[in-house]
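The values are calculated or read from the model by the stated rules, or taken from the named source; none is laboratory data. On a predicted model such as this, the values are computed, not experimentally measured, just so you know. Cβ: placed from backbone, ideal geometry, glycine included. Neighbour counts: every protein chain shown. Just the protein is used for accessible areas: all its heavy atoms, side chains included, with ligands, DNA and RNA removed. Shrake-Rupley method; radii C 1.70, N 1.55, O 1.52, S 1.80 Å.
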Amino acid sequence: MGHLTEHRAARPRADAAGTWTLGGLTVNRMGLGAMRLTGSGAFHDGTPSDRHRAVAVLRRAVHEFGVNHIDTAAFYFSSLRSANELINRALAPYPDDLVIATKVWPGRDPSGEWWWARPEQLRGQVEENIRQLGLEHLDVVNLRVPPSRRDGSIAEHFGALARLREAGLVRHLGISNATAAQLAEARAIAPVVCVQNAYGLGAAEPGDRELLRICGESGIAFVPFFAIAGKRREAGAGGGGTEDEAVRAVARAHGATPAQVRLAWTLQQGPHVLAIPGTGDPDHLAENVAAGALRLTDDETARLSA
């Protein structure tokens, strides 16, 4: 059955779920999302994180557990913490195999107010990520589509990013919060190595299931966010009392947590699926990485999907 309890004495490894290639960059399928590093709540909500603890989580993820794919953004900051600054402080000089993916189009001013960049402003957002991370260029940049544009064209913005790729500021491009039509539009402009959309057990929209299939057939990574939180999104994972009984039953059968079952289900949606669970808690980090070794049976996967 693949009980996780027997693996807990050993150090979990991010490569337990296998690898995928983003362009020419090979990453372990279990990665780390940086949003939760900055505080107890997303963005300006909650209280700022303990800086030393956040740095320790990053170092443990990369140096102990082998995480080599981190998702971040310049707009991931709380009143005292910046995810990019924490990554720079914790990990620079960076390991050769570490891939840092970021995203642009949304932005936040110093007061935390949101704004959306025009195509000509994307270079400034890319350069700000480069500066904060202390890099010469960005490995992967996702164009994060605003909710108001889910049915509109992204050609102008994606074309601006493609020019930054040609200029050497960005190695690879992806899209986020996008539709199948927008993926086709982007691919007509420049290669797309990943699609990053909200996707999780009990929170998978029909359009995203279709996009998951298209990405698999096209050799494009599908990178779900909110894989653990599901419909709670930025609010984070719910308490054990609110967890679905089917998830709890599978977790008991494997000696695992519900969050680990959700991550395992996500990874079993296809070999091209990459997980980026976010946490600022060292214990949660270890649990998340260990979920990469959990293998659900076909019956369990079908039961959970239903």
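Could you tell me whether any residue of the range 185-195 is outside any loop (DSSP other than H, G, I, E, B), open to solvent by 10 Å² or more (accessible area, probe 1.4 Å) and either small (Gly, Ala, Ser) or closer than 16 Å to Val223 by Cβ (or both)? Don't jump to the end; show me each part of the working.
The initial filter retains those residues of the range 185-195 that are outside any loop (DSSP other than H, G, I, E, B), namely 185-187, 194-195.
From what is left, the residues that are open to solvent by 10 Å² or more (accessible area, probe 1.4 Å) are 185, 187.
Next cut, either small (Gly, Ala, Ser) or closer than 16 Å to Val223 by Cβ (or both) only: none.
No, the conditions are met nowhere in the range 185-195.
Which of (1) modelled with pLDDT of 95 or more; (2) out of contact with any helix residue (DSSP H, G or I) (no Cβ under 9 Å at 6 or more places or on another chain); (3) under 22 Å from Glu136 (Cβ atoms); (4) not β-branched (Val, Ile, Thr) is the odd one out, the single condition His52 does not satisfy?
Tallying (1) modelled with pLDDT of 95 or more; (2) out of contact with any helix residue (DSSP H, G or I) (no Cβ under 9 Å at 6 or more places or on another chain); (3) under 22 Å from Glu136 (Cβ atoms); (4) not β-branched (Val, Ile, Thr), His52 fails exactly one: (3).
Here's the yes/no breakdown for (1) open to solvent by less than 60 Å² (accessible area, probe 1.4 Å); (2) over 28 Å from Asp45 (Cα atoms); (3) among the basic types (Lys, Arg); (4) in a loop (DSSP other than H, G, I, E, B):
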position	(1), (2), (3), (4)
Gln121	yes, no, no, no
Ser148	no, no, no, no
His157	yes, yes, no, no
Ala162	yes, yes, no, no
Gln182	yes, yes, no, no
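Residues Glu113, Glu166: which one is open to solvent by 70 Å² or more (accessible area, probe 1.4 Å), without any contact (Cβ under 8 Å) to a residue 12 or more places away in the chain and over 18 Å from Gly24 (Cα atoms)?
Glu113
Of everything in the range 209-237, what is modelled with pLDDT under 90 and assigned to a helix (DSSP H, G or I)? Give them in sequence order.
Hits for the range 209-237 are Gly230, Lys231, Arg232, Arg233, Glu234, Ala235.
Can you pull out the residues in the range 260-306 that are aliphatic (A, V, I, L, M), assigned to a helix (DSSP H, G or I) and open to solvent by 30 Å² or more (accessible area, probe 1.4 Å)?
Ala293, Ala302
Does the range 99-110 hold any residues that are among the hydrophobic types (A, V, I, L, M, F, W, C), touching a residue at least 60 places away in the same chain (Cβ under 8 Å) and closer than 14 Å to Gln132 by Cα, and which are they?
Scanning the range 99-110 gives a single hit, Ala101.
Just one of the numbered conditions (1) among the small types (Gly, Ala, Ser); (2) modelled with pLDDT of 95 or more; (3) open to solvent by 10 Å² or more (accessible area, probe 1.4 Å); (4) within 22 Å of Phe225 (Cβ to Cβ) is not true of Ala198; which one?
Answer for Ala198: the failing condition is (2).
Just checking, how many residues over the range 123-179 are within 26 Å of Ala90 (Cα to Cα) and among the acidic types (Asp, Glu)?
4
Can you tell me which residues in the range 123-145 are assigned to a strand (DSSP E or B) and touching a residue at least 40 places away in the same chain (Cβ under 8 Å)?
Asp139, Val140, Val141, Asn142, Leu143, Arg144
If a residue must be buried (at least 19 other Cβ atoms within 10 Å of the Cβ), farther than 15 Å from Val140 by Cα and not polar (S, T, N, Q), how many such residues does the range 67-80 contain?
Residues that pass the stated criteria total 4.
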